[in-house]
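Undergrad: Before I ask anything, let me first share the structure, which is written out below as C-alpha cells.
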Protein chains: 4
Amino acid sequence: MQTLGIALMGTGRMAQVYGPKIIGHPGLRLEVIYNPRRTSAEKATAQYGGRPMDDLDAALADPGVDAVVIATPTDTHVKYIERAAAAGKPIYCEKPLDQSLERVDRAMAALAAHPVPFMLGFNRRFDPENAMLQRAVQSGEVGPLNMLMSWSREPTPPPIDYVRASGGYFVDATIHDIDLLCWIAGERPVEVFAAGSCKFDPAIGAEGDFDLTMTTLKMPSGALVHINNSRACSYGFDQRLEAFGEKGMIQTRNHREDPLVRWDGTATEARQPLKHFFLERYDQSFYNALNEFHAAVSEGREPSSTAEDGRAALAIALACAQSARKGAAVAPAYG
Amino acid sequence: MQTLGIALMGTGRMAQVYGPKIIGHPGLRLEVIYNPRRTSAEKATAQYGGRPMDDLDAALADPGVDAVVIATPTDTHVKYIERAAAAGKPIYCEKPLDQSLERVDRAMAALAAHPVPFMLGFNRRFDPENAMLQRAVQSGEVGPLNMLMSWSREPTPPPIDYVRASGGYFVDATIHDIDLLCWIAGERPVEVFAAGSCKFDPAIGAEGDFDLTMTTLKMPSGALVHINNSRACSYGFDQRLEAFGEKGMIQTRNHREDPLVRWDGTATEARQPLKHFFLERYDQSFYNALNEFHAAVSEGREPSSTAEDGRAALAIALACAQSARKGAAVAPAYG
Amino acid sequence: MQTLGIALMGTGRMAQVYGPKIIGHPGLRLEVIYNPRRTSAEKATAQYGGRPMDDLDAALADPGVDAVVIATPTDTHVKYIERAAAAGKPIYCEKPLDQSLERVDRAMAALAAHPVPFMLGFNRRFDPENAMLQRAVQSGEVGPLNMLMSWSREPTPPPIDYVRASGGYFVDATIHDIDLLCWIAGERPVEVFAAGSCKFDPAIGAEGDFDLTMTTLKMPSGALVHINNSRACSYGFDQRLEAFGEKGMIQTRNHREDPLVRWDGTATEARQPLKHFFLERYDQSFYNALNEFHAAVSEGREPSSTAEDGRAALAIALACAQSARKGAAVAPAYG
Amino acid sequence: MQTLGIALMGTGRMAQVYGPKIIGHPGLRLEVIYNPRRTSAEKATAQYGGRPMDDLDAALADPGVDAVVIATPTDTHVKYIERAAAAGKPIYCEKPLDQSLERVDRAMAALAAHPVPFMLGFNRRFDPENAMLQRAVQSGEVGPLNMLMSWSREPTPPPIDYVRASGGYFVDATIHDIDLLCWIAGERPVEVFAAGSCKFDPAIGAEGDFDLTMTTLKMPSGALVHINNSRACSYGFDQRLEAFGEKGMIQTRNHREDPLVRWDGTATEARQPLKHFFLERYDQSFYNALNEFHAAVSEGREPSSTAEDGRAALAIALACAQSARKGAAVAPAYG
C-alpha cells in the first residue's frame, strides 16, 4: 500500500481527533504537525510523532508531505485550502468549509484554479450504519423516498465560548444532518423551514442562537425531510435515522457501549444510556473518512464528500437559520 | 349502573363504528337510530337493534332517549348539535365539529345557550397507550417537554370522493395528531408550519390536497412538536408517539395482532406487518371514548374532550393547511 | 347462541377465577354454585349470582344445570368427575386431574363408562400467543422441530401450606409447561430428566420439594425440550416460549401492562416489570378455555384438552419428580 | 510496549485464525512459523511473514522466539506443550488441551515441572459482551445466581472428517459453553445430565455422535445451568447468554453485521440473519485472547484461562458425553 505523508494543520480539539487516526492508518504517515505557534506544534508531535513546523510555506513544500489534513479553527480553513491548493497538495478539510458562503466561494475558486483532490470531513457519511442505510436507499430497497428523518441530540450544551464561535446551531450541528440526509436522498431541498427555541442555556439565547430546533426540508421529488436537534439529552448522545419509502422503511438504532439487556424489579429489557459524545459515537467514522481520503488520493479519483457538497450544506444551514428567525420558508442560496 | 338511552344519529361508516360499541357498553342502551331516510334507519336497527326514526323532533323528544351520539356526515354535525342542545340532550359528537370555524362558533354558541354535557370524539386520547403517555408526561415523568413527535401513516389513500368531502388532509387526519399532542403537552401552539406533497394519488393533488405532510408546532413553552402523516404505508397503519423531556424520553410502539417474533434465513427478530386500519387499531379507544361520555353524563361533569378543544384543533389544522399552501409560518385563529 | 347452565363446583381460589368468566361469557349461565358447606355456597352466589346448593345429587339433577365446572381442591376432582359423568353432565375440570395416576385412571374409567364431553383446564393452551405459536409450529412454519423451550418463573414462592398440598413443584407447575409443549410439539417424551434445587424457601426444601428446576424431555422425533421453573423472580411473572425448527425459530415475548418504552439517564429502552401473577397474565386464557368448552359442548364434539392429555402430563410430571430425586433419566408411565 | 517474538506452531485452520491476529497486535512479532513439513511452513510465511522452520528444537531455541502459540491439530497439543515448557517458553495453546484426561494430565505434569506462563485459548471468555456479563454477575449485579443459560447453534454441520477427529460434539463444541458458564458462575458442576439427538446428518449419528444436544449442570450452590447446541441453524450463528439471579436477569443479544431495522409489507422490525460462523462472530475475542496472553507474559503473571480450567472443562464435557449415552446423571472426573 502506498503511504501518504500527512501534514496535520492544527493542534486543537479536532487535530486531536485526527492525530491518532492518522497514526493508526496503515496508508498514512504523520509527517508534519503545523501550528504557527511552535510550542503548540512541538507539544503535539511529542504526543503523536511527526516533525513540528511553524512555517507554512516550508510545511507545504516539505518533500515528505504528500497531503494535508486541515483541523484548524473554522475561520482559518479557507486560508489553508488556498495555500495547500496553490502548493498542489491533496486536501482533507474538517467541516464546515467556513461559516460564510462568500468565503466558501473563495475556497472553491482556489480549488478550481488548482484542481487538487479535495475532501470535506462530513464524517457521519462514513459511519458504517449510516452508510449501509444510504446504500439501501440508493439501491431502491425502500422504493422512492417519502420521508427521511434524523435525530441528533447531544448530552449537554457546549461552553458559551464554543457557541459564540460556532456560527450558530444550524451551521455548527444541523449541517451534519443536512449533508447526511441530502446524500442519502440523492437530492437537495428547494425550500427549508426551521423552528428554534432556547430551553437549556439562557446564554445561548442571549447570543440569538438556539439550543433546540426542528427543521423541515422540501425535496424536489416531493419527499419531506425532518431533522431534530437538541443541545441537551438526559440519556446520552441520541443519533437515529429513519428512511420511509413507498416499499418500506429502514431505521438505524443508537450505538451502545454496553450491549447487555437487563431485567429487574425496576425495569425490564433495559439498556444502558448511550455512548456519551460524538468522539466516541463517531470514532470509527473519522477513521473511515480518512480511509476514503487515502483511497481516493491513491486511486487518483475525487473523494466522495466534495467542496461543492460543503457549500450546499452551508447554504441550506444558513437558510434554516434565517427561516427560524423570520418564521418563513426560505430557499437555500445554491451557487 | 345507570343506563343511558342513546339516539344514534346517522347510519354511515362512523355510525357502524359506534353501533356495536353502544350495544357492548353495559351503561348504554341503543334506543333509537335516526336517519332522515327511514329505510336506512330500518336497515341499521335490523343490524344493531333500537327503534328506527326519521323524525328528528320526535327522536329528540322520545322519553327513552337520554343522550345523542352524532355520527352523521361532518357538514351536518352543527345542525344536530344545535337541535340536540336545544332539546337539552347530552351530546357525543364524532370529530371534527365542522370544517369551518364560523360554523363551529355557531355550535359553540348553541352550547353556551343550552349548556348540555358535550363530548367531542377525539378517540385517540382514549387509546390506552396514548393515555398512559399523557399521564406520564403530565405527571412530570420526563420533566419539562422539549419535543413531542407523532407518526400517523395510513395503509392506502382513501377514495377520491372521501378526500373531496374531507376538508383536506390536515383537517381530516392531522387534526387527530394535533388534538392528541396539545392534550399531552397541555398547551397549544402559537405558530405552525406545515409542508405537503402529493406522492401517491395525483387525483388528490388535483384537488389541491396533499397525501404526505410534515407539520411543526411551536409551543408557548418553547417545546417543539413534529407530526408526520402519510396516506400510504406499505407495512400497515403506523402510529407512534415520542415525548422527549429534560429528564427523559417515552415512546409508544405500534400495536400488533401477531405478537410472535420470527427468525429464519431471510429475516430475524421479525414481526408481522401492523394492524391494518384505524377501525382495528383504535377499536378499544372508540369504546373508551363512549365510556368517558357515559361516566361524565352519569357523574354530572363535563366530558374530557370539549367543543373548545375541537375548535382549537380545527383552528390549528386550518393554519397548517394555509401554511403548507403559502410556505410560511401561520398563527392559528383561536377564538 | 345456546346458553349452557353451569353448576360451578367449589368456592375457593380457582372458583373465584372461573366465576367472573362464566358470568361474562354470553353462552354460559351461572345456574348453581355448589359447596358442601351451605354458607360458603351462599357467600359465593351473593357475589356471582346463581343458586347456592349443598346437595350434590340435587345439583347434578337440577334441570337448569347443563354442565359442571369443577374448581374444587385437587383431591376432590376425581369424585366430582365420577358423579357428574354418572349424571350425564358435560365436565370442565381445572387441572390437574389428580396427583395420583391411580386415581386419574379411576376418573378415566368413569368417563369411559359414561362418555360425557370432558375438558381439562390446561388454560395456557388457550392463551392467544401460545395458541398462535402452536398453530405456526403445527402448520410447518419452522419445519421439523429441533428444540422447544419454556420459561415459567413466578414472582414469589407460595405459602408453605399451598406447597404441601400441591403434589410438588413438578406436578403443580411444570405440568403446565409439559402439557403446553407436548401440545405444540404434537408428541410426548420417551424419557425425561429433571434437576431441582431449593434456593428461596428452606421450608420448601424441608418438604423434599424444589423451588428451582430445569427439565429436559426427549421426544420420539429426536426433538429436545427444555423447561425452566422458578418459584421466585424479581422482575415479575416470566413466561416465554421458543420453538426452534429446521427452517426457523419463533419466540413469544412476555406480556406487559405498560407498553411504554422509557429512556433516561439510568436506563434506555426500558420497559416496566411484568404482569404480576398467573391470574393477570392468563386472565384471557381462562376465558378462552371456557369458550372452547362451550363451543365443544354446543357443537357436540370433544373439547381440545382431554382427560388423556391430563393423564399423560401427570405421568410426565411424576417422572420429572422421580428423575430430580434420583438423578437419572426416567421414562414416563403412560397408560 | 515490550514486543514478544512468537513462534506460531501449525499452519492449518486455527493457525490461519491466529496468524493475522499476531501480525495485527502491536505487542507481538510473528518471528517463526513452524511446521514439520517445510513447504507448509514456507507457504504460511509467504502469507503472514516470519521465518519458516521445520526443526522443532531449533524453533524453540531460536533467540527471536519469546513465546509459542500452538495452533496444531488437537492430538499434537500435549507434545508441543511438553517441548515448549521444557524449553522455558511461555505457551498459548488453542483449546482443547487434548481429548483425553490422561494426556491432559501429562501436559499438566510437564507444566508443573517447568512452570512457564500457560494460557488456554478459550476465546469466548474474551468476547467483549461475554466478559461484560461475567463482570456483572461476579460483581453481584443480579445477586446470587439461580440459572445460567447458553445457546450455541452453528449454521451448518461440519464435514464428517472434522466430526470424526473432533472427539464428539460435547468435547468439540459444548466445552466452550461449559468453560464460559463455569467462569461466569465462579463454580463447577457436581453433576451433569445431557441428552443428544442426530437430526441433521446421519453420518454423524453413524459415528455415535450427536448434532443436537441439551445439557444440564448442577452447581454446588444450587444454581442450575442449561446449554443447548445445534450443528444446524437456518438463521445463522446463534450465540446467546442469560444469567438469572435473585435480584435480576442479564442477557446478551446476538451480534449483527447489519444493524438496520427493516419494515415492509412482509415483515416489520426485521433484522438480517446472524454473522455466519465463529471466525466472524468471535474475531475480536481471538485478538483479545492473544492480548491477555501478551499482557500476562509482559507483567509476569498467570494468564486468566489456565490449563486447570481446560482440564476441568474437558472432564465436564466427557461426563456430558457419557451422560447422553447412558441416560443418567454423571459426576465429572475432576483431578
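The values are calculated or read from the model by the stated rules, or taken from the named source; none is laboratory data. These numbers come from a predicted model, not from an experiment. Note that we place each Cβ from the backbone using ideal geometry, even for glycine, and neighbour counts take in every protein chain shown. The accessibility values were calculated without ligands, DNA or RNA, using every heavy atom of the protein model including side chains. Shrake-Rupley method; radii C 1.70, N 1.55, O 1.52, S 1.80 Å.
Undergrad: When the Karplus curve 6.51 cos²θ - 1.76 cosθ + 1.60 is applied with θ = phi - 60°, which whole-Hz ³J(HN,Hα) does each residue of segment D:117-128 get, with x for Gly and Pro?
TA: x, 10, 10, 9, x, 7, 5, 5, 4, 9, 5, x
Undergrad: Which whole-number percentage describes the relative contact order of segment D:71-183, with Cα contacts under 8 Å and a sequence gap of 6 or more?
TA: Result for segment D:71-183 is 24 percent.
Undergrad: Okay, moving on. What list of ³J(HN,Hα) values in whole Hz, one per residue of segment C:317-326 in order, does the Karplus curve 6.51 cos²θ - 1.76 cosθ + 1.60 (θ = phi - 60°) give from phi, with Gly and Pro shown as x?
TA: Residue by residue, segment C:317-326 yields 5, 5, 5, 4, 4, 5, 4, 5, 7, 9 Hz.
Undergrad: Relative contact order of segment D:221-335, please, whole-number percent, based on alpha carbon pairs below 8 angstrom and at least 6 residues apart.
TA: In percent, rounded to a whole number, it is 15.
Undergrad: What whole-number distance in Å separates the alpha-carbon centres of segment D:211-269 and segment A:245-318?
TA: About 28 Å separates the Cα centre of segment D:211-269 from the one of segment A:245-318.
Undergrad: Considering only the label points, 7 Å along Cα→Cβ from Cα, what distances in nm to one decimal separate A:Y334 from the same position in each other copy, shortest first?
TA: 4.0, 7.3, 7.4
Undergrad: How long are the three semi-axes of the equivalent ellipsoid of segment A:57-191, in whole Å, if each is the root of 5 times an eigenvalue of the C-alpha gyration tensor, listed from largest down?
TA: 30, 20, 14
Undergrad: With a point put 7 Å past each Cα toward its Cβ, work out how far A:S298 is from B:V190 in nm, to one decimal.
TA: According to this spin-label approximation, the distance is 5.6 nm.
Undergrad: Based on alpha-carbon centroids, what's the gap between segment A:102-151 and segment B:83-108 in Å, whole number please?
TA: Value for the Cα centre distance between the two parts: 53 Å.
Undergrad: For segment B:60-124, what mean projected area does the convex hull of the alpha carbons give, in nm²?
TA: Approximately 4.2 nm², given one-decimal rounding.
Undergrad: So, one more: Taking 29 Å as the cut-off for C-alpha to C-alpha distance, list the pairs among C:K89/C:K275; D:K95/D:K326; B:K95/B:K247; A:K43/A:K95 that go past it. Intermediate results must be reported in sequence, preceding the final value.
TA: Working: C:K89/C:K275 36 Å; D:K95/D:K326 26 Å; B:K95/B:K247 34 Å; A:K43/A:K95 24 Å.
Violating the 29 Å limit, Cα to Cα: C:K89/C:K275; B:K95/B:K247.
Undergrad: Let me ask something else about it. Using only atoms on other chains, find how many Cβ atoms lie within 10 Å of each Cβ of peptide D:231-237 and report the average.
TA: 6
Undergrad: Considering every residue in C:145-157, what mean count of other chain Cβ atoms within 10 Å of its Cβ is obtained?
TA: Mean number of neighbouring Cβ atoms from other chains: 3.
Undergrad: Can you give me the long-range amide H partners of D:F118? Hydrogens built in the peptide plane at 1.01 Å from N, cutoff under 5 Å, separation of 5 or more residues or another chain.
TA: For D:F118, the qualifying residues are D:I91.
Undergrad: May I ask for the angle, rounded to the nearest 10°, between helix C:101-113 and the longest principal axis of chain C, with both axes built from Cα atoms and the value confined to 0 to 90°?
TA: Helix C:101-113 sits roughly 50 degrees off the main axis of chain C.
Undergrad: C:N146's amide H: which non-local residues (gap 5+, or another chain) put their own amide H closer than 5 Å, with H modeled 1.01 Å from N in plane and none for Pro or chain starts?
TA: C:F244, C:G245, C:E246
Undergrad: Treating each Cα of segment B:125-167 as an identical point scatterer and ignoring solvent, apply the Debye formula and state log10 I(q)/I(0) at q = 0.16, 0.29, 0.33 Å⁻¹.
TA: -0.65, -1.06, -1.14
Undergrad: For the protein assembly as shown, what % of the accessible area comes from carbon and sulfur atoms, probe 1.4 Å?
TA: 52 percent
Undergrad: On a straight-distance basis, which aspartates and glutamates could pair with D:K79 in a cross-link, Cα separation under 16 angstrom, same-chain partners fewer than 8 positions away excluded?
TA: In chain and number order, the partners are D:D54, D:D55, D:D57, D:E94, D:D98, D:E102, D:D105.
Undergrad: Less than 9 Å Cβ to Cβ from D:N146, Lys/Arg counted +1 and Asp/Glu -1: what total charge do the surrounding residues give?
TA: Once positives and negatives cancel, what remains is +1.
Undergrad: Follow-up question, since we're still on this one. Along Cα-to-Cβ, 7 Å out, sits the label point; list in nm, shortest first, how far the one on B:I160 is from those in the other copies.
TA: So the distances to the same position in the other copies read 6.0, 6.8, 8.0 nm.
Undergrad: Same structure, new question: Which of the chymotrypsin sites (Phe, Trp or Tyr not before Pro) found in segment A:273-312 are in a DSSP loop and have at most 13 neighbouring Cβ atoms, other than their own, within 10 Å?
TA: Listed in order of number, the matching sites are A:F277.
Undergrad: Separate question: What do you get when you divide the Cα radius of gyration of chain B by 2.2 N^0.38 Å, with N the number of residues? Working shown, then result.
TA: On the way: Rg = 20.2 Å, N = 335, 2.2 N^0.38 = 20.0 Å.
Scaled against compact globular proteins, the figure is 1.01.
Undergrad: I've got another one for you. Scan chain B for the residue whose Cβ is closest to the axis carrying it onto chain D, then write down that distance in whole angstrom.
TA: In chain B, the Cβ lying nearest the symmetry axis toward D is B:A270, 2.
Undergrad: Let me ask something else. Suppose each label sits 7 Å from its Cα in the direction of the beta carbon; what would the A:R13-B:A232 distance come out to in nanometres?
TA: So the label points at A:R13 and B:A232 sit 4.5 nm apart.
Undergrad: Turning to a different aspect of this structure: With an 8 Å cut-off on Cα pairs and a minimum separation of 6 or more residues, tell me the relative contact order of chain D in percent. It would help to have the intermediate numbers written out before the result.
TA: Numbers: 704 pairs, mean separation 64.1, N = 335.
For chain D, the relative contact order is 19 percent.
Undergrad: Return the Cα extents of segment B:157-303 along principal axes one, two and three, sorted largest first, each rounded to a whole Å.
TA: For segment B:157-303, the Cα extents along the three principal axes come out at 56, 40, 37 Å.
Undergrad: Kindly report the accessible area of the protein assembly as shown per residue (heavy atoms of protein chains, probe 1.4 Å, no ligands, DNA or RNA), in Å². Intermediate values should be presented prior to the final figure.
TA: Values: 45650 Å² over 1340 residues.
Computed with neighbouring chains in place, this is 34 Å² per residue.
Undergrad: In units of 2.2 N^0.38 Å, what is the alpha-carbon radius of gyration of segment B:224-283?
TA: The value comes to 1.38.
Undergrad: Now, a different point. Enter the mean number of other protein chain beta carbons within 10 Å of the beta carbon of each residue in A:266-278, as an integer. Mind showing how you got there, number by number?
TA: Numbers: counts 8, 12, 14, 12, 10, 6, 5, 6, 2, 0, 0, 0, 0.
Mean inter-chain Cβ contacts per residue within 10 Å come to 6.
Undergrad: So what J values fall out for segment B:282-298 if you push phi through Karplus, 6.51 cos²θ - 1.76 cosθ + 1.60 with θ = phi - 60°, rounded to Hz, Gly and Pro as x?
TA: 10, 3, 5, 6, 4, 4, 5, 5, 4, 5, 4, 4, 4, 5, 5, 5, 4
Undergrad: Under a GNM of chain D (C-alpha, springs under 10 Å), which listed residue has the highest mean-square fluctuation: D:Y169, D:Y18, D:Y48?
TA: In this elastic network of chain D, the residue with the biggest mean-square fluctuation among D:Y169, D:Y18, D:Y48 is D:Y48.
Undergrad: Return the loop-located trypsin sites (Lys or Arg not before Pro) in segment A:126-177 (DSSP other than H, G, I, E, B) with at most 10 other Cβ atoms within 10 Å of their own Cβ; answer none if there are none. Walk me through the numbers before you get to the answer.
TA: Numbers: sites: A:R135, A:R153, A:R164; in loops: none.
Passing sites in segment A:126-177 do not exist.
Undergrad: If I ignore ligands, DNA and RNA and count only protein heavy atoms, how much of A:S152 is accessible to a 1.4 Å probe, in Å² to the nearest 10?
TA: Solvent-accessible area, nearest 10 Å²: 10 Å².
Undergrad: Along each of its three principal axes, how wide is the spread of alpha-carbon positions in segment C:1-126, in whole angstrom units, largest first?
TA: Per principal axis, max minus min of the Cα coordinates gives 38, 33, 29 Å.
Undergrad: While we're here: Rounded to two decimals, what is the ratio between the C-alpha radius of gyration of the protein assembly as shown and 2.2 N^0.38 Å? Let's see the in-between values first.
TA: Values: Rg = 36.1 Å, N = 1340, 2.2 N^0.38 = 33.9 Å.
Ratio of Cα Rg to 2.2 N^0.38 Å: 1.06.
Undergrad: In nm, what does the list of distances from A:T266 to its counterparts in the other copies look like, shortest first, when each label sits 7 Å along Cα to Cβ?
TA: Those separations, rounded to one decimal, come out as 0.3, 4.3, 4.3 nm.
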